[in-house]
């Protein structure tokens, strides 16, 4: 029974990690990037860095720490690209709302106006709205196609826009113009404020990253000296490296948690 519980726990851990890498790959905006491919990049980066550092320094503990740290490099790059992609999407939503408002004023029906975004919409969201057009033509249900669009985007701003479109479709949309104008103003103001906060935080975050990385660059240079290699190859040297890496990791994670902006909650009902 204990063995079965242990195996189930391991399966749950593997499943959670797989979902983590898959979610990162989806948020990156890179076509055809899968969670398995991202995990392979992390493993390859870790192995290459560990081998290179071991050949240069001949200190196994330094090579191990370098390998573990390098394994996070693809994740950090993917997260950075994901943040850039999310900023581009967030900035594109006001233009989406303005395009919908112009199309409705021109006499197009609401489904036709949304389908037009797959051709004339912002580049950051054109692919998703092209998929919406294909889903709408295949199913013939506007509400169902909107639900699939919301699941694909997985974005709080998208939830608000989709909820407004769904309500307008159900009740007739007499006030759709005023709703879209108000939503566009709110989205632009939210994007402006968030952009200002992120710009002010960026220099603090970069300085903190430099402060964390500087001691390890110094360590890498010192490890090329024979006396330093003998010191770090000892048990006491290994304990010092382990303690220093733990403190660096805690400091870095604490900095990232403190500097993280609160995310807008998604609508529960899609």
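The values are calculated or read from the model by the stated rules, or taken from the named source; none is laboratory data. Please read all numbers here as calculations on a predicted model, not as lab measurements. Cβ sites come from the backbone with ideal geometry, for glycine too, and all protein chains shown count toward neighbours.
Looking only at segment 191-227, which residues are in contact (Cβ under 8 Å) with a residue 12 or more places away in the chain, in a helix (DSSP H, G or I) and farther than 15 Å from residue 256 by Cβ? Please lay out each step first, then the result.
Start the filter on segment 191-227 by keeping residues that are in contact (Cβ under 8 Å) with a residue 12 or more places away in the chain, which leaves 191, 194-195, 197-198, 201, 204-205, 208-209, 212, 215-216, 219-220, 223-224.
Retained after the next criterion (residues that are in a helix (DSSP H, G or I)): 191, 194-195, 197-198, 201, 204-205, 208-209, 212, 215-216, 219-220.
Matches in segment 191-227: 191, 194, 195, 197, 215, 216, 219, 220.
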Checklist entry - Only one of (1) touching a residue at least 60 places away in the same chain (Cβ under 8 Å); (2) within 25 Å of residue 183 (Cα to Cα) is not met by residue 62, so which one is it? => result (2)
Next on the checklist: Go through (1) out of contact with any helix residue (DSSP H, G or I) (no Cβ under 7 Å at 6 or more places or on another chain); (2) exposed (fewer than 14 other Cβ atoms within 10 Å of the Cβ); (3) at pLDDT below 85; (4) in a helix (DSSP H, G or I) for residue 18 and report which single condition fails.
Outcome noted: (1)
Checklist entry - Can we say residue 181 is touching a residue at least 40 places away in the same chain (Cβ under 8 Å), exposed (fewer than 15 other Cβ atoms within 10 Å of the Cβ) and farther than 30 Å from residue 255 by Cβ? => result yes
Next on the checklist: Can you find, within segment 110-165, the residue that is farthest from residue 191 (Cα to Cα) among those that are in contact with a helix residue (DSSP H, G or I) (Cβ under 6 Å, 6 or more places away or on another chain) and assigned to a loop (DSSP other than H, G, I, E, B)?
Outcome noted: 121
Checklist entry - Taking segment 234-270, which residues are over 30 Å from residue 195 (Cβ atoms) and at pLDDT below 80? => result none
Checklist entry - Only one of (1) over 21 Å from the mean Cα position of the chain (by Cα); (2) over 27 Å from residue 40 (Cβ atoms); (3) touching a residue at least 12 places away in the same chain (Cβ under 8 Å) fails for residue 112. Which number is that? => result (3)
